Amino acid sequence: MIGRRRKEPPGPLEYGRRLWLRASLWATFLFLYAPIVILVVFSFNNSRRNIVWRGFTFKYYEKAWNNDSLIEAFTNSLTIALISTVVSVILGMMTAVMLWRFRFPGKAPYEGTMALPIIIPEICMGVAMMAFFSRIGWPTNLPWPINLGAITIAHISFSFPFVAMVVRARLARFNPELEEAARDLGASQWQSFRDVLLPYMRPGLVAGGLLAFTLSLDDFVITFFTAGPETVTFPVKVYSMIRFSVTPEVNAASTVLILITLVLTTVALWLQNRSQSRQ
Amino acid sequence: MSTRAPIISINSVSKSFPGGVHALRDVSIEISEGEFFALLGPSGCGKTTLLRILAGFETPTEGDVYIDGRDMSRVAPNLRPVNMVFQSYAVFPHMTVAENVAYGLKVSGEDRGTIPSKVEEALELVRLAGYGDRRPDQLSGGQKQRVALARALVKKPRVLLLDEPLSALDAKLREAMQLELVRLQNTVGITFVIVTHDQNEALSMADRIAVIEHGNLLQVATPMELYEYPTNRFVADFIGKMNLFEGTNVGSGNGTLNVVVNGLGRLDIPCRDTLTGDVGLAVRPEKMLLFSEPPGDDYLAFKASVDKVAYQGSETRVFLSNDKGIAFEVSVRNASREDAANQASGSLWVAWKPGDTLVLSD
């Protein structure tokens, strides 16, 4: 029986049984993940050059940890990501609630252009940001952390639309009678927002916030154009290190970044799934 | 009922929405304290808009609304002595049953110490004692509705508003909840205003019913009055079934109305009012009887032949027509198994007492 079934031609949706599809699937996996695996593996390579495997070591993690300028860049990145996330979540939430609740002139064009930072090529955004900050004469040589202002503003401007989109999508399924019920039971407008709408939006806010955090932490292009010599972030620092030589130290630092991004994205996806299954 | 003070006075209320939609036109209703009042009409007739005006979610374009003696037309929903049970129940999904019921007490600054006992009492009232720790997604539709009821009643409102509360329940549960709502209303003694499109629901629960169509208030009456003495064609047709014959008024006065109906001839109907203009004559299917011989002078009787018989268990609907093409629908009660077995057929006399004829001039 089983031998006979094997000879049946694949059904219309049995893509997994078509050879060419399987081949392209494995090719995708190979080109997508092999470089990352190699990067991680060679971060443990006991060799100054990153070409031949010379044995296992944690040496370069230690070295990266003791590299002051790398740690400074890492601290900068985390600070920027933190501030940009908090502001993006608040701004994105307000935008989402405004677009969901109110009708106002120019709403449709605004809804369209709000997502522009998501669509615009990063390089254009970076150049635009650089031109803008130099045009208005944004001061440099400020004390830390105020000197991170320009980068933070740039990050907020491309992060908050993501938060707004996630929250807006969630609000589309909100039952307005819930808010009316709160008002009917004696809640003021603010109380019904705090007690009903905010808890409802919370999973969207968390997911959007994590998205904003990883976006900011990862960003290279826009940051590169807005960063001064004093305000190097982690991705920019890694880039400058690579220009001299690809050492396992860069691999080690990159592995840490991958780990952070991976963990945060997983948490974001998990939170979103949980909120969807709850509804 | 009329001797009691009105708890709600709706005075010449009109509501129009942007875009020229007239949801309500010059509606005036007085609802007495402790009454079970139903707003009945087809979907989109404006009954829900009227309820939302009472709750404070809409403001009337014209006219005003007094609740408990105070002008409430423009008062925010959270400052009104009314509470509402929403069509979707609107139970807060992120709170437990007890937290849902306590919410209204908390936001209105009730003393924290007394809240748990009040919540317990309210849950007992709707027969959900012991469900306080459940989450809404663990409840059935009927239980969610009870939570919504408890949540509204715990605030001891002067008026409880119910927006199509039973429409989402299945037929058996709906009937049980009808009785439950009447029991609840008797227990708490609060005025209930319910919106429904289901005439049976309104007839079986309400003390008085307001029929609304296209934003116009057509009639306010007790269920019995509404069924037996509807004042216009829409109400007559909307509530129950009706045989309607359009006729020409050929003489009115001295307690009698003479009407000529095409295909039936001249009918003499007892009628207190002196009417001018053409009228409609309406007779309920169950008021009509079927005879094999002419039934005598007590009845208005017309010869007709049976077209179709629809057996429906407790009753049988018999559709007949006479040689002039006038159609009758007669409802015959199946009081015994013999009645059920011997269904009407052939040529019969359709007859009813003149006094059971309803005269519709509107």
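Every number here is computed from the coordinates shown, using simple stated rules; none is lab data. Treat the numbers as computed from the prediction; the structure is a model and nothing was measured. Positions of Cβ are generated from backbone atoms using ideal geometry, with glycine treated the same way; all protein chains shown enter the neighbour counts.
Observations on the structure shown:
- Inter-label distance for residue A:175 and residue A:46, nm, one decimal - labels placed 7 Å from Cα along Cα-to-Cβ: 6.4 nm
- Computed from point charges on the beta carbon alone (+1 for Lys and Arg, -1 for Asp and Glu), the dipole magnitude for chain B about its Cα centre is near 920 Debye.
- In a fully extended conformation the segment linking residue B:14 and residue B:273 would gain 90.1 nm over its present Cα-Cα distance, using 0.36 nm per residue.
- Peptides A:169-179, A:79-89 ranked from most to least packed by the mean count of surrounding Cβ atoms within 10 Å: A:79-89, A:169-179.
- Long-range HN-HN contacts of residue B:217 with modeled amide H, under 5 Å: B:25
- Most simply put, chain B has about 80% antiparallel DSSP beta bridges, counting only bridges with both residues inside it.
- Backbone HN-Hα couplings from phi across segment B:87-95 [Karplus 6.51/-1.76/1.60, Hz, Gly and Pro as x]: 4, 8, 6, 6, 6, 5, x, 9, 10
- Long-range tail of P(r) for segment A:97-160 (Cα pairs > 15 Å, %): 63 percent
- Structure note, pairs B:287/B:324; B:172/B:287; B:172/B:308; B:324/B:353; B:47/B:106: Cα-Cα distances above 24 angstrom occur for B:172/B:287; B:172/B:308; B:47/B:106.
- Near residue B:159, once Lys and Arg are set to +1 and Asp and Glu to -1 for all other residues with Cβ below 12 Å from its Cβ, the sum equals 0.
- Using a Förster distance of 41 Å, the FRET efficiency for residue B:28-residue B:254 (Cβ separation, nearest 0.05): 0.75
- Here's the picture: charge each Lys and Arg Cβ at +1 and each Asp and Glu Cβ at -1 in chain A, and of A:171, A:37, A:141 the one pushed furthest to the positive end of that dipole is A:37.
- Shape category assigned to chain B from the gyration tensor of Cα positions, a/c cut at 1.5: prolate
- With K and R counted +1 and D and E -1, the other residues having a Cβ less than 13 Å from that of residue A:239 yield a net charge of 0.
- Look at the dipole of segment B:1-120 built from charges on Cβ: of B:8, B:45, B:75, the Cα furthest out on the positive end belongs to B:45.
- Anisotropy class of chain A from Cα gyration tensor, a/c 1.5 cut: oblate
- The Stokes-Einstein estimate for the protein assembly as shown, based on a Kirkwood radius over Cα pairs and taken at 4 °C with 1.567 mPa s viscosity, is a diffusion coefficient of 41 µm²/s.
- Our estimate of slack between residue A:53 and residue A:142, defined as 0.36 nm per intervening residue step minus the Cα-Cα distance, is 27.6 nm.
- Rounded to whole Hz, the Karplus (6.51, -1.76, 1.60) HN-Hα couplings of segment B:217-226, x for glycine and proline: 7, 8, 7, 10, 7, 6, x, 5, 4, 5
- Judged by the gyration tensor of its Cα atoms, with axes a ≥ b ≥ c, segment A:1-107 is oblate; a/c meets the 1.5 cut and b/c is at least as large as a/b.
- Averaged over the residues of A:184-197, the number of partner chain Cβ atoms lying within 10 Å of the residue Cβ comes to 6.
- For a label point 7 Å along the Cα-to-beta-carbon line of residue A:265, residues of segment A:39-82 with backbone N under 16 Å: A:39-40
- Applying 0.36 nm per residue to the separation of residue B:172 and residue B:289 and subtracting their alpha-carbon distance, the gain on full extension is 38.9 nm.
- Estimated [θ] at 222 nm from DSSP helical runs (n ≥ 4, -39500 (n - 2.57)) normalised by residues in chain B, nearest 500: -7000 deg cm²/dmol
- Peptide ranges B:314-325, A:134-145 listed from the most packed, as the mean C-beta count within 10 angstrom indicates: B:314-325, A:134-145
- Inter-chain Cβ neighbour count for B:84-91, averaged per residue, equals 5 (cutoff 10 Å, partner chain atoms only).
- Using the alpha-carbon positions of segment B:255-359, Rg (one decimal) and Dmax (whole number) come out as 14.6, 47 Å.
- Of B:92, B:36, B:238, the residue with the greatest mean-square motion in the GNM of chain B, using alpha carbon springs below 10 Å, is B:92.
- Dipole magnitude for chain A: computed about the Cα centre from +1 point charges on Lys and Arg Cβ and -1 point charges on Asp and Glu Cβ, it is near 1260 debye.
- As a rough footprinting exposure proxy, the listed residues A:13, B:360 were ranked by other beta carbons within 10 Å of their own, and the order from fewest upward is A:13, B:360.
- Taking a straight Cα-Cα cut-off under 28 Å and skipping sequence neighbours fewer than 8 places away in the same chain, the lysines within cross-link reach of residue A:63 are A:237.
- Rounded to 0.05, the FRET efficiency of the residue A:119 and residue A:18 pair, given R0 = 25 Å and the Cβ-Cβ distance, is 0.15.
- Taken one residue at a time, the phi angles of segment A:98-114 give Karplus couplings (6.51, -1.76, 1.60, θ = phi - 60°) of 4, 5, 7, 8, 9, 10, 8, x, x, 5, 4, x, 5, 4, x, 7, 4 Hz. Gly and Pro are set to x.
- In a reduced charge model with +1 at each Lys and Arg Cβ and -1 at each Asp and Glu Cβ, the protein assembly as shown shows a dipole moment near 3400 debye about its Cα centre.
- A Förster radius of 41 Å combined with the Cβ-Cβ distance from residue B:106 to residue B:319 puts the calculated FRET efficiency at roughly 0.10.
- Note on chain B: GNM, Cα springs under 10 Å; of B:198, B:207, B:137, the largest mean-square fluctuation is that of B:137.
- Calculated [θ] (222 nm, deg cm²/dmol) that DSSP helices of n ≥ 4 give over chain A, each run adding -39,500 (n - 2.57): -23500 deg cm²/dmol
- Residue among B:63, B:355, A:89 farthest towards the positive dipole end of the protein assembly as shown, charges placed on Cβ: A:89
- As computed over segment B:312-362, the Cα convex hull volume per residue (Å³): 128 Å³
- Residue B:225 sits among other residues whose Cβ lies under 12 Å from its own Cβ, and their net charge, with Lys and Arg +1 and Asp and Glu -1, is -1.
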